[in-house]
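> I'd like to ask you about the structure that follows.
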Amino acid sequence: MRAVLLGPPGAGKGTQAARLTERFGVPAISTGDIFRANVKGGTPLGVKAQEYMNAGQLVPDEVTNAMVRARLAEDDAAQGFLLDGYPRNPEQAVELDSMLADLGVELDVAMEITADFDEVTQRLLKRAEIEGRADDTEPVIRKRLEVYATSTAPLTAFYAGRGLLVQVDGLGEIDEVTERLVAAVAR
Ligand code: AMP
């Protein structure tokens, strides 16, 4: 399975990606996780990404695209992958198409986890208490949702137009949402 996972911050993409990776036997590739690991390790990539992340803005496409291109070329992604948090704008979606074309493969499905902004804001504020992420503060959450609405939400129509979109309600128990996603993909 070659899939992208869409949905606003706080919809549960990371949680669901970790579960779907077991179900489908393909690696979950989270651009946010890769950036955070680089920030933690103080790498040049992390240094470049950090100020954007802390402001709730997208890391520039040339940095992000190069990172994803390299990751998708790794051996474990040859049989499939689940991209969590990429693409985040139409330019990245076009770039992903080009990466996949170069690898001689195609995307199978774009799964969108839907959740309203009030709900995800509450979840992210709760997560802030547990994980202490630098970008889970109220003003940064607001900015991330704004970026989602402006830059990422148009991808729903982009993938729907290609017949690849499945949408699943992100409200409810974690297990329920996982089952909805598995059922939606099987359809
Ligand atoms: P996430 O963990 O997916 O919420 O991502 C955390 C932050 O990493 C985002 O707010 C962005 O600053 C950055 N980031 C993650 N994925 C991307 C992407 N595809 N393009 C640009 N920036 C990204």
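> How many nm separate the modelled label positions at Asn54 and Ala183, each set 7 Å beyond the Cα in the direction of the Cβ?
Taking the simple label geometry, Asn54 and Ala183 are separated by 4.5 nm.
> Check which residues have an amide H placed less than 5 Å from Val109's amide H, if you skip close sequence neighbours.
Distant-sequence amide H within range of Val109: Arg2, Val4.
> Restricting to Cα pairs below 8 Å that are 6+ residues apart, what does the relative contact order work out to for the chain? Please round to a whole percent.
On the way: 260 pairs, mean separation 61.6, N = 187.
So the answer I get is 33 percent.
> In addition: Stretch Glu106-Ala149 to full length: gain in nm at 0.36 nm per residue minus the Cα-Cα span?
On the way: separation 43, 0.36 × 43 = 15.48 nm, distance 2.63 nm.
My answer for the length gained is 12.8 nm.
> Could I ask something else about it? Tell me, what is the FRET efficiency for Asp169 and Ser98 to the nearest 0.05, using R0 = 25 angstrom and their Cβ-Cβ distance as r?
Working: r = 32 Å, r/R0 = 1.29.
Using R0 = 25 Å, I get an efficiency of 0.20.
> Considering the options Pro8, Pro44, Ala70, tell which one lies farthest towards the positive end of the dipole of the stretch 1-111, charges being +1 on Lys and Arg and -1 on Asp and Glu at the Cβ, about the Cα centre.
The residue sitting most towards the positive pole is Pro8.
> If each DSSP helix of 4+ residues adds -39,500 (n - 2.57) and the sum is divided by the residues in the chain, what number results at 222 nm, nearest 500 deg cm²/dmol?
Values: 9 runs with 106 residues, N = 187.
Helix contribution divided over all residues of the chain: -17500 deg cm²/dmol.
> Test of understanding: what is the full-extension gain from Arg162 to Phe117, defined as 0.36 nm times their sequence separation minus their Cα-Cα distance?
Values: separation 45, 0.36 × 45 = 16.20 nm, distance 2.63 nm.
Contour length minus Cα-Cα distance gives 13.6 nm.
> Then there's this: Rounded to whole Hz and in sequence order, give me ³J(HN,Hα) for the stretch 98-108 from the Karplus expression 6.51 cos²θ - 1.76 cosθ + 1.60, θ = phi - 60°, writing x for Gly and Pro.
Those phi angles translate into 5, 4, 5, 4, 5, 8, x, 10, 10, 6, 8 Hz.
> Going by how many other Cβ atoms sit within 10 Å of their own, how do Arg88, Arg127 line up, fewest first?
Values: Arg88 20, Arg127 16.
Ranked by crowding around the Cβ, least crowded first: Arg127, Arg88.
> If the cut-off is a Cα-Cα distance under 16 Å, which aspartates and glutamates reach Lys40, setting aside same-chain residues fewer than 8 apart in sequence?
Partners within reach: Glu51, Glu131, Asp135.
> Taking every pair of Cα atoms in the stretch 1-110, average 1/r, invert it to obtain the Kirkwood radius, and report Rg/Rh to two decimals.
Rg/Rh for the stretch 1-110 comes to 0.94.
> What is the order of Ser30, Ser151, fewest Cβ neighbours within 10 Å to most?
Numbers: Ser30 20, Ser151 17.
With the sparsest Cβ surroundings first, the list reads Ser151, Ser30.
> Rounded to the nearest angstrom and ordered from largest down, what semi-axes does the equivalent ellipsoid of the chain get from its C-alpha gyration tensor (root of 5λ)?
Working: eigenvalues 107, 89, 49 Å².
Equivalent-ellipsoid dimensions as semi-axes: 23, 21, 16 Å.
> How far apart, in nm, are two points set 7 Å out from the Cα along the Cα-to-Cβ line at Arg23 and at Gln79?
That separation, rounded to one decimal, is 1.9 nm.
Since every read-out is calculated from the coordinates, none of them should be taken as a lab result. This one's a predicted model, so the numbers in the text were calculated from it and none came from an experiment. Glycine gets a Cβ as well: all are built from the backbone with ideal geometry, and neighbour counts include every protein chain shown.
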